[in-house]
1. Take the residues in region 20-50 that are among the hydroxyl-bearing types (Ser, Thr, Tyr) and over 30 Å from residue 73 (Cα atoms); name whichever of them is modelled with the lowest pLDDT.
2. Go through (1) at pLDDT below 70; (2) surrounded by 11 or more Cβ atoms within 10 Å (Cβ to Cβ) and name the single condition residue 76 misses.
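The values are calculated or read from the model by the stated rules, or taken from the named source; none is laboratory data. Fair warning: this is a prediction, and the values are worked out from it, not measured in the lab. Using ideal geometry, Cβ is built from the backbone for each residue, glycine included, and neighbour counts are taken over all protein chains shown.
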Amino acid sequence: MDANSLQKRMSDIQNNATNDPSFQNALGKLFSGRPGYKPVIETKQVIIKCKHCGKIMDDSQKFCDECGARVERPQKK
């Protein structure tokens, strides 16, 4: 099987997964034990506060807007 046919097959499988209710039911039953289950992936939002002034900042900021202190991000485990 060459790369193009493999890519086409993967695309076909993806389309079936998103458009075919019987495929979704089978997948839901496989994951949860009940048909029609749709998994929801939640991510925990990390709140970043300035260590000096306590201002809540965006995840993209490197320095605090209020006091100019460098943002210290929590370490990922």
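1. Step one: list which residues in region 20-50 are among the hydroxyl-bearing types (Ser, Thr, Tyr), which gives 22, 32, 37, 43.
Right, trim to over 30 Å from residue 73 (Cα atoms) and you get 22, 32, 37.
Details: 22: 78, 32: 78, 37: 72.
By that ranking, first place goes to 37.
2. (2)
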